[in-house]
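*Asks:* Pasting a structure here, questions to come.
The values are calculated or read from the model by the stated rules, or taken from the named source; none is laboratory data. Just so it is clear, the model here is predicted, and its values are computed rather than measured. Reconstructed Cβ throughout: ideal geometry from the backbone, glycine too, with neighbour counts over all protein chains shown. Protein only, heavy atoms only, side chains kept; ligands, DNA and RNA dropped before computing areas. Shrake-Rupley method; radii C 1.70, N 1.55, O 1.52, S 1.80 Å.
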Amino acid sequence: MSPSRGRRLGAFVFLSPGLTYLVVLLLVPLVLVLSYTLFQRGRFGGVVYEVTGENFSRLIDPLYLSVVGTSLKIAGLTTLLALLLGYPTAYLIAQLPRKWKTVALVAVVLPFWTNFIIRVYAWIILLNGPGLLNSGLKALGLGPYELLYNQGAIILGLLYSYLPLMVLPLYAAIERLDPQLREASANLGASAFSTFRKVTLPLTVPGVLTGCLFVFVPSFGNFVIPEMLGGGKSVMVGNLIRTEFLQARDWPFGSALTLALVAVLVVLLIAQSWVARRA
Amino acid sequence: MFRTRFTRRLPAAIAVAGLALAAAACGGESTNAGAAPAATADQLNPNADLSKQSVNVTVWDGYTPKELPQKVKDKLKFPLKIGIHDTNETAMTKLTAGGDTGIDVAFVSGQYAQALNEQGLLEPIHPELIPNLSNLYPEATQLSYDKGNKYSVPYTWGTTGICYRSDLVKTPPTSWKDLLQPPSWADKKVTMMTTERWLALPALKALGYSVNTDKDAEIAKAKELLVAAKPHLLGYDDTTFGDKLKSGEAVMVEAWDGWCPTTDEKQNIKFAVPKEGSDLWVDTMVIMKSSKNKEAAHALINYILDPEIHSWAAVNINYKVPNKAAMDKVDIAKGSLLDIKPAELLNGESLIDLGQASVKYTRLATEIKAQS
Amino acid sequence: MRRSKWLHVPFWATYVFLYAPIVVLVVMSFNSGRSAYTYEGFSLKWYGELAQDERIRDGVVNTLIVAAGSTVVATVLGTLLAVGLARYTRSKTLDALALMPAVLPDLVLAIGLLVFYGMIQLTLGLYSVILAHGVFSMAFVAAVVRTRLSNADTSLEEASRDLGAGPVVTFMKVTLPQLTPGIIAGALLAFTLSLDEFVIAFFTIGNNEQTLPIVIYSMIRFGVTPKINALAAILLLVSFTAVIVGQRMTKIGESRAED
């Protein structure tokens, strides 16, 4: 078999099932929704198929820009914290003896096999005014603090929800590193830190990027945590989209917001793929 | 701005052309357009053989008796299947997306029934197939979103007010201003609702406006009040305010009467309707135009209006039902949530879907919540 | 590893952070009151009620079917896709497309699929949810597997090809074994995400079926009871046991292999 024929066959065998699936069940539905952008909301919801550019002009509004700003801040901080916690965790899991690796890995996702709402309730019990943390602080002669229903609580909730999405790709990236590389570096007199900086980190950049993307994007688009832990007092992009689609039943404008979000995401995704392929 | 009439299939056409995906092309109507409201009624056969039909319902969880499917099977001889939805909003999305959901009867609140009807999605009610309509209070045919119950039948009704911990408030709340400008002992211990129309309600009522106003000046006034209130709130909450009261995180919350947990003896939780007045909400039953089981759907609604069945909601979940024959069967404790007379309820304004003007409320809610 | 002891701090912090609410949640399952969030006293009644609740039981079964089904779909397709993207194309657009569902707001995918299923007149059921969950799960699997593939040593694969093995044989005998940790991580992620997914499931499921998240969200109107905590506690116990037993088994297997 000639190499180029092998390549083409390979491309077909590996790419076509997944891509077909994505085209039918992702692209077609997405284009359907995004095409509403061109039309108008019916008086009582639904879509009236008269072309208009109104949905785009409505996007440029200081109100929505401020929402984007808040979302960037919250999602950015969440991602940073997730990386700071997630990287050492993934790193240590990867060093564990083989039989403990899977256990540690499963332990990262296990809390998420319980229902979302009661996990959020549990956080409320921990953090609220009469809650556990405040009672503990009170025993130490501190507090009570307002730990809940603010942006800090939103970040905490998002971090909690998406931390596994950081740990798992990082683990997959770190686990394949050859320990000999680090040993070689150490033998050559490099400190642990510079070994990390010069050897380990550059080789795990793809995992870092994937993890950051997995945490940043859903944090940016989340709407339940801002409502339940943020007390509904902050609006994120996800809240906007949900409000337009569900409450206002304004699908055309909801689509326009989505289109704007998708545009940002595509830029992020392409940048991610560009950096990952260079690294 | 240019506007051109396009066919309903345009989004489909774009999707198909753009992706050259023939599979998507075969398919019928895409979504509902702003179709003509008040569609004509089907001819229904009063003597149809119901045992050949079956009815699919979507309703809030725990809102109808558990044994209802079995009872319907025994009494009316057709299978009844119950699906559940969490909120009006998600139910609406499913019902209006254009596909055949297979749903025959839906439970949604009044203004949502109105919007469904405006979109041409509802079958008009055939009163001759629902003799039990006569059990309803006369007031229950005067609901402003649907006068005369032309396309919806009320299932439960009530109002919005202030739900509070009588042991933790210094003085019981009597006015919407108690929520909007809470006294110092209630500072940061108050919640308001997050859904736009109910978020605006306390301010609109405190200012003496209609809850259905579409006047920009009035909405702007309300916004001022709501923005000033925000720093004094614990949060905006539509779902767990009852829990917040029980835990003592909150002492006063804006609440629908049915969601205010007054039945728990230990908790000292009470409900008050502020003196400025409030709304009248109604949860209704509607029949979908797309239903192929309309005779059975009518028979089901008729059966639910039977006092025996309808009183279940009052006895078991503490919701007032607009059914005189049913309420007469219920022991109503004085001062309980059930002890509000239909005439008093009718003093409340029903929220109606404002059509184009509803955009103003969406924006209002976003502005207030995004305010830092 | 001795030198990096300080790394143990964030490591343990992560697990404490992940499990603190879980402890609360389990304690609340013994609440004698009705609320999942105000503790009133000790009782086992919610475990008893749980045993009698058919809807929750059906919900659990449906959820497991959906999660298992979509994980299988996603793991197979996602792994193939990851290999294809890493080895057989340089297209950044395809890269982006493969990641798209992981980053798209769930509501948008949900509404898109709802409209699309309506257009092709698909009767909704559990399989329509499996297909829908497959979409985003596949993206997660593909991305996690990709992090192992990029920059990896391709000399073995090249050697295999030079010796005349086709792409499929090379994949089965050479690539796949190297990928296993990534595939496990990806599959875990896919399963976990599907278990608790509400929005997409709600819009793509038949009217008479419910997954557990749909049951629980719908309970909100009358308050979520500690029954769900009880369910979570049992689920955790079962999962922990399975993990520990699995770990014991590998230990025995390994020690035998060493003998």
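*Asks:* Being among the polar types (S, T, N, Q) and assigned to a helix (DSSP H, G or I) is the filter here, so list the residues in the range C:29-85 that pass it.
*Replies:* First pass over the range C:29-85, keeping only residues among the polar types (S, T, N, Q): C:29, C:31-32, C:35, C:38, C:43, C:52, C:62-63, C:70-71, C:75, C:79.
Result: C:GLN52, C:ASN62, C:THR63, C:SER70, C:THR71, C:THR75, C:THR79.
*Asks:* Considering the range A:49-71 alone, what residues qualify as being buried (at least 17 other Cβ atoms within 10 Å of the Cβ), under 20 Å from A:LEU246 (Cβ atoms) and at the interface with another protein chain (Cβ under 7 Å from one of its Cβ atoms)?
*Replies:* Answer for the range A:49-71, where residues must be buried (at least 17 other Cβ atoms within 10 Å of the Cβ), under 20 Å from A:LEU246 (Cβ atoms) and at the interface with another protein chain (Cβ under 7 Å from one of its Cβ atoms): just A:VAL67.
*Asks:* Which residues, taken from the range C:125-162, are of a type in the set (Ser, Thr, Tyr) and open to solvent by 10 Å² or more (accessible area, probe 1.4 Å)?
*Replies:* Hits for the range C:125-162 are C:TYR127, C:SER150, C:THR154, C:SER155, C:SER160.
*Asks:* Quick check on A:THR89: is it under 29 Å from A:ALA172 (Cβ atoms), within 14 Å of chain C (Cβ to nearest Cβ), in a helix (DSSP H, G or I) and in contact (Cβ under 8 Å) with a residue 60 or more places away in the chain?
*Replies:* Here the answer is yes, as A:THR89 does meet what is asked.
*Asks:* Right, here's the next one. Pull up the range A:108-131, narrow it to residues that are more than 7 Å from chain C (Cβ to nearest Cβ) and open to solvent by 20 Å² or more (accessible area, probe 1.4 Å), then point me to the one that is nearest to the chain's Cα centre (by Cα).
*Replies:* Once the filter is applied, the top-ranked residue is A:GLY129.
*Asks:* Can I ask one more? Quick one: A:THR210 ticks every box in (1) crowded, with 24+ Cβ neighbours inside 10 Å; (2) in contact with a helix residue (DSSP H, G or I) (Cβ under 6 Å, 6 or more places away or on another chain); (3) within 30 Å of B:TRP198 (Cβ to Cβ) except a single one, so which number is it?
*Replies:* Of (1) crowded, with 24+ Cβ neighbours inside 10 Å; (2) in contact with a helix residue (DSSP H, G or I) (Cβ under 6 Å, 6 or more places away or on another chain); (3) within 30 Å of B:TRP198 (Cβ to Cβ), only one is false for A:THR210: (3).
*Asks:* May I pose another question? Any residue at all in the range B:101-108 that's in contact with a Leu (Cβ under 9 Å, 6 or more places away or on another chain), hydroxyl-bearing (Ser, Thr, Tyr) and either assigned to a helix (DSSP H, G or I) or surrounded by fewer than 22 Cβ atoms within 10 Å (Cβ to Cβ) (or both)?
*Replies:* Looking only at the range B:101-108, we keep the residues that are in contact with a Leu (Cβ under 9 Å, 6 or more places away or on another chain), and these are B:101-106, B:108.
Cutting the leftovers down to hydroxyl-bearing (Ser, Thr, Tyr) gives us B:101.
Next, only the ones that are either assigned to a helix (DSSP H, G or I) or surrounded by fewer than 22 Cβ atoms within 10 Å (Cβ to Cβ) (or both) stay: none.
So far as the range B:101-108 goes, no, none of its residues is in contact with a Leu (Cβ under 9 Å, 6 or more places away or on another chain), hydroxyl-bearing (Ser, Thr, Tyr) and either assigned to a helix (DSSP H, G or I) or surrounded by fewer than 22 Cβ atoms within 10 Å (Cβ to Cβ) (or both).
*Asks:* Residue check, C:THR180 against (1) open to solvent by less than 10 Å² (accessible area, probe 1.4 Å); (2) among the polar types (S, T, N, Q); (3) more than 9 Å from chain B (Cβ to nearest Cβ), all met but one. Which one?
*Replies:* With (1) open to solvent by less than 10 Å² (accessible area, probe 1.4 Å); (2) among the polar types (S, T, N, Q); (3) more than 9 Å from chain B (Cβ to nearest Cβ) applied to C:THR180, the lone miss is (1).
*Asks:* Also, I was wondering about something else. Take B:VAL59 and decide whether it is closer than 15 Å to B:TRP312 by Cβ and either assigned to a helix (DSSP H, G or I) or outside the structural domain of B:ALA296 (by TED's automatic domain parsing) (or both).
*Replies:* So B:VAL59 does not fit the description; no.
*Asks:* Report, by residue number, each residue of the range A:229-243 that is open to solvent by less than 10 Å² (accessible area, probe 1.4 Å) and of a type outside the set (A, V, I, L, M, F, W, C).
*Replies:* A:GLY230, A:GLY231, A:GLY232, A:GLY238
*Asks:* Right, here's the next one. Pairs please, first residue from the range A:117-134 and over 22 Å from C:VAL199 (Cβ atoms), second anywhere and surrounded by fewer than 22 Cβ atoms within 10 Å (Cβ to Cβ) and acidic (Asp, Glu), Cβ atoms under 8 Å, 6+ apart in sequence or on different chains.
*Replies:* Short answer, once both residue conditions are applied: A:GLY129/A:GLU146.
*Asks:* Output the residue which, of all residues in the range A:253-265 that are surrounded by fewer than 22 Cβ atoms within 10 Å (Cβ to Cβ) and more than 17 Å from the chain's Cα centre (by Cα), is nearest to the other protein chains (Cβ to nearest Cβ).
*Replies:* The selected residue is A:LEU259.
*Asks:* Among the numbered conditions (1) assigned to a loop (DSSP other than H, G, I, E, B); (2) in contact with a helix residue (DSSP H, G or I) (Cβ under 8 Å, 6 or more places away or on another chain); (3) open to solvent by 10 Å² or more (accessible area, probe 1.4 Å); (4) of a type in the set (D, E, K, R), tell me where B:LYS81 comes up short.
*Replies:* (1)
*Asks:* Between a residue in the range B:199-218 that is farther than 22 Å from B:GLN356 by Cβ and any residue that is in a loop (DSSP other than H, G, I, E, B) and among the acidic types (Asp, Glu), which pairs come within a Cβ distance under 8 Å, given they are 6 or more apart or on different chains?
*Replies:* Taking only residues 6 or more apart or on different chains, the pairs are B:LYS205/B:GLU276; B:ALA206/B:GLU276; B:GLY208/B:GLU276.
*Asks:* Same structure again: Residues being β-branched (Val, Ile, Thr) and surrounded by fewer than 18 Cβ atoms within 10 Å (Cβ to Cβ): count how many of those fall in the range C:163-173.
*Replies:* Residues that pass the stated criteria total 2.
*Asks:* Just checking, does the range C:149-163 include any residue being modelled with pLDDT of 85 or more, more than 14 Å from chain B (Cβ to nearest Cβ) and within 28 Å of A:ALA11 (Cα to Cα)?
*Replies:* No, that holds for no residue.
*Asks:* Do you know which of the residues in the range A:3-23 that are farther than 18 Å from A:VAL262 by Cα and of a type in the set (A, V, I, L, M) is most open to solvent (accessible area, probe 1.4 Å)?
*Replies:* Top of the filtered list is A:LEU9.
*Asks:* So which residues in the range C:169-228 are hydroxyl-bearing (Ser, Thr, Tyr) and in contact with a Leu (Cβ under 7 Å, 6 or more places away or on another chain)?
*Replies:* Taking the range C:169-228 as the starting set, the residues that turn out to be hydroxyl-bearing (Ser, Thr, Tyr) are C:170, C:175, C:180, C:192, C:194, C:204, C:211, C:217-218, C:225.
Selection gives C:THR204 alone.
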